[in-house]
1. Between Leu146 and Glu113, how high is the FRET efficiency from 1/(1 + (r/R0)^6) when r is the Cβ-Cβ distance and R₀ = 35 Å? Nearest 0.05.
2. Just one of (i) 11, 43, 37, 8; (ii) 11, 36, 31, 16, 6, 1; (iii) 10, 35, 27, 9, 7, 7, 4, 1, 0 is P(r) over Cα pairs in 10 Å bins from 0, in percent as worked out from the coordinates here. Which one is it?
3. For Glu67 and Lys35, calculate 0.36 nm times their separation in residues minus their Cα-Cα distance, and state this gained length in nm to one decimal.
4. Please calculate how many Å² of accessible area the stretch 25-156 carries per residue, with a 1.4 Å probe and no DNA, RNA or ligand atoms counted.
5. Which value at 222 nm does the chain reach when only helices count, each DSSP H run of 4 or more adding -39,500 (n - 2.57), with the total divided by all residues and rounded to the nearest 500 deg cm²/dmol?
6. Mind listing the long-range amide H neighbours of Val126? Cut-off is under 5 Å, sequence gap 5 or more, other chains count too, H placed in the peptide plane at 1.01 Å from N.
7. Could you check the simple spin-label distance between Cys45 and Ser20, using points 7 Å along Cα→Cβ, in nm with one decimal?
8. Please find, in a Gaussian network model of the chain (springs between Cα atoms separated by less than 10 Å), the residue of Phe59, Phe135, Phe121 whose mean-square fluctuation is greatest.
Amino acid sequence: MEKATFGAGCFWGVEATFRSIPGVVSTLVGYCGGKTDNPTYQDVCADTTGHAEVVEITFDPAQLPYEQLLETFWKLHDPTTPNRQGPDVGSQYRSVIFFHSPAQEAAARTAKERLDKSGKFRNPVVTQIVPAAPFYKAEDYHQRYLEKRGLASCHI
């Protein structure tokens, strides 16, 4: 099993999408990339800790290549808007890939470059690609949030 960690805005919808992909073994929503140990949702929402809302994915690379996870990641959000996804504004909603290996880093950088050159977006892709940092699991009520409420998506 391998891990992948992505930030693409509010983690509820991101988690729901990744959970539905065959080869994904489990998902956790949480916080990554900040300066505060064990942040709470309120801390992260205050936009002072430096954390991004992320989904940590455990997947089986024999069934699901990392590149396929990247394809889903790019489709989930607008990677050209720094610190914003839809109505959600703040650095906690930034577009970010936390890589767990040199192979993931290389795949992410190649995919970002390809997307940037594709002409799909008028603005440049601003997604951060950074080494995996400590992951802090979000509060239990955030885990599988949409599923618990019978919702398929939170997108507008």
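1. Using R0 = 35 Å, I get an efficiency of 0.60.
2. (i)
3. 8.6 nm
4. Result: 54 Å² per residue.
5. One gets -8000 deg cm²/dmol as the mean residue ellipticity at 222 nm.
6. Thr80, Thr81
7. Inter-label distance under the simple model: 2.6 nm.
8. Ranking Phe59, Phe135, Phe121 by mean-square fluctuation puts Phe121 first.
The values are calculated or read from the model by the stated rules, or taken from the named source; none is laboratory data. In this text, all values refer to a predicted model and were calculated from it rather than measured experimentally. Glycine also receives a Cβ, built like all others from the backbone with ideal geometry; neighbour counts cover every protein chain displayed. Calculation scope for accessible area: heavy atoms of the full protein, side chains included, ligands and nucleic acids excluded. Shrake-Rupley method; radii C 1.70, N 1.55, O 1.52, S 1.80 Å.
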